[in-house]
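The values are calculated or read from the model by the stated rules, or taken from the named source; none is laboratory data. On a predicted model such as this, the values are computed, not experimentally measured, just so you know. Note that each Cβ is placed from the backbone with ideal geometry, even for glycine, and that neighbours are counted across all protein chains shown.
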Amino acid sequence: MCRDQDDRWLARTLELARQGAGRVEPNPRVGAVIVKAGELVASGFHRNYGSLHAERAALSAAEPDLVRGATLYCNLEPCSHRSPRKKQPPCTEAIIAAGIGRVVIGHRDPNPAVRGEGIRALERAGITVDVRGEDADESPFLRENEVFNTVMALGRPFVHLKAAISLDGRLATTGGDSRWITDGEARTAAHRLRAESDAVLVGRGTVEADDPLLTVRLPAGEVQGSSPAPRPVVLDSLARISLESRLVRERGNELLLCLGPDAPERRRAALEARGVTVLEAEGVGGLDPASVLKCLGTAGIRSVFVEGGAQILTAFLRARLYDRLSLYFAPILLGRGREAVGDLSVATVVQALNFESVRWETIGRQQCFTGLRAGWQEEILGVLRESERERTKGGPQCSRD
Ligand SMILES: NC(=O)c1ccc[n+]([C@@H]2O[C@H](COP(=O)([O-])OP(=O)(O)OC[C@H]3O[C@@H](n4cnc5c(N)ncnc54)[C@H](OP(=O)(O)O)[C@@H]3O)[C@@H](O)[C@H]2O)c1
């Protein structure tokens with residue numbers, strides 16, 4: 001089979017995979033097609049969390065006779081393991097039993113329980129396996145499951161930073177007013193991004209200035225997805241958030257409040273009495289972003305949408321703990337005001353924080369930038385290479401259920 005044909009069928013698996021968006025999480029989006037003599041035999045995708053994996057969905061939609069000797073395309077390496085939490089048996093077993101002759105995948109699964117084991121299981125059964133989507137500079141396969149790949153490979157939640165800023169890079173006036181820098185269209189776009197995340201995070205300064213609710217508000221009739229509403233998160237070293245803030249009063253039961261080691265016990269107890277979940281993060285003179293992410297990961301958060309303000313954005317950027325940045329540039333000037341980003345320890349342009357998979361889009365009156373942290377893909381692939389080298393050591397639990 002020529003490379004062009006492989007690329008075409010693999011691209012189809014991505015289209016299929018996307019149909020599971022918002023329903024399969026925390027599993028990855030996966031699509032599969034079965035092809036014989038250049039003709040499509042069957043296709044399938046992972047529809048819902050707990051339902052058939054894409055490979056089995058495609059196999060069950062195919063005529064068994066046509067499957068023998070056919071090629072199966074899948075954007076992700078087939079799973080090969082069992083675990084008590086896993087709802088589906090290994091796809092490799094179904095592929096082998098069906099007599100598939102060749103398997104072409106987008107990329108290896110960074111899940112520590114897989115990481116090449118699926119490929120090896122297939123190869124041991126005499127099936128040829130080709131990995132086609134890892135060598136592109138900006139692999140659409142790795143990007144399709146950016147949250148899953150980050151959680152699995154890097155062992156922390158996916159971090160998406162966002163800010164609405166003036167043309168001169170300010171996110172608020174000197175007095176702290178920022179409502180609204182962008183128009184309704186841009187704010188709706190940002191609410192869609194909120195809806196995609198498990199949590200929306202701000203600093204105590206933003207709670208004080210804006211008293212936000214951090215809910216998802218979309219136009220009437222727009223599907224909000226089947227995932228639960230993102231949880232609000234506030235970084236507040238000394239538990240100084242007002243008990244009268246709307247987040248505490250109206251969303252206390254959902255609020256995750258990250259406190260530092262010096263937070264007074266009395267304040268903590270008062271907040272907990274209002275239903276707030278306290279997470280104990282490390283850090284003096286500002287919570288350590290790595291510790292915050294660890295706490296959030298332990299609380300089951302897999303993706304976090306960081307909405308500021310400036311000090312919080314700067315803290316994550318300085319720590320180089322972010323994966324995606326989205327900036328909405330509004331056609332206004334604020335002059336002196338609050339800079340969106342503070343010192344990033346960049347001494348030369350070569351050291352600048354850089355982005356890949358860059359997209360610029362016009363939304364309403366705004367120019368919207370989004371990009372992945374430069375090096376994100378390399379970091380994910382580096383983990384896969386490292387585990388290839390150390391594969392005899394085994395790995396932790398799978399969460400592709
Ligand atoms: N345009 C936009 O997109 C946008 C978005 C959000 C906010 N804003 C505006 O931004 C302004 C608020 O920004 P801000 O910079 O003053 O406050 P902020 O970034 O929201 O919060 C800063 C506070 O967070 C706490 N914190 C905990 N860990 C930290 C760490 N590692 N690094 C830094 N702070 C940490 C600190 O309070 P403790 O020491 O008490 O812990 C700090 O004072 C407001 O005017 C708001 O309207 C604009």
**OP:** Hey, can you tell me all the residues within segment 63-75 that are under 13 Å from residue 95 (Cβ atoms) and buried (at least 20 other Cβ atoms within 10 Å of the Cβ)?
**Re:** 67, 70, 71, 72, 73, 74
**OP:** Considering each of 226, 242, 237 in turn, give the residue that is in a loop (DSSP other than H, G, I, E, B) and modelled with pLDDT under 95.
**Re:** 226
Original post:
Quick one: in segment 301-314, which of the residues that are more than 13 Å from the chain's Cα centre (by Cα) and in contact (Cβ under 8 Å) with a residue 40 or more places away in the chain is farthest from the ligand (Cβ to nearest atom)?
Top reply: 313
Subject >> Residue identified as more than 15 Å from the ligand (Cβ to nearest atom), in contact (Cβ under 8 Å) with a residue 40 or more places away in the chain and more than 23 Å from residue 286 (Cα to Cα) among 219, 230 >> reply: 230
Original post:
Is at least one residue of segment 280-300 acidic (Asp, Glu), assigned to a loop (DSSP other than H, G, I, E, B), more than 24 Å from residue 170 (Cα to Cα) and touching a helix residue (DSSP H, G or I) at 6+ places or on another chain (Cβ under 8 Å)?
Top reply: yes
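So is residue 366 modelled with pLDDT of 95 or more and buried (at least 16 other Cβ atoms within 10 Å of the Cβ) or not? Write out each step before concluding.
Numbers: modelled with pLDDT of 95 or more: yes; buried (at least 16 other Cβ atoms within 10 Å of the Cβ): yes.
The answer is yes for residue 366.
Looking only at segment 172-204, count how many residues are touching a helix residue (DSSP H, G or I) at 6+ places or on another chain (Cβ under 6 Å) and within 8 Å of the ligand (Cβ to nearest atom).
If we filter segment 172-204 for residues that are touching a helix residue (DSSP H, G or I) at 6+ places or on another chain (Cβ under 6 Å), which is where we start, we get 176, 200, 203.
Remaining after also requiring within 8 Å of the ligand (Cβ to nearest atom): 176, 203.
Residues in segment 172-204 being touching a helix residue (DSSP H, G or I) at 6+ places or on another chain (Cβ under 6 Å) and within 8 Å of the ligand (Cβ to nearest atom): 2 in total.
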Original post:
Out of all the residues in segment 256-277, which are surrounded by fewer than 16 Cβ atoms within 10 Å (Cβ to Cβ) and assigned to a loop (DSSP other than H, G, I, E, B)?
Top reply: 261, 262, 264, 274, 275
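Only residues that are surrounded by fewer than 21 Cβ atoms within 10 Å (Cβ to Cβ) and of a type in the set (S, T, N, Q): list them for segment 164-185, please.
Within segment 164-185, the subset surrounded by fewer than 21 Cβ atoms within 10 Å (Cβ to Cβ) is 167-169, 173-177, 179-180, 183-185.
Result: 173, 174.
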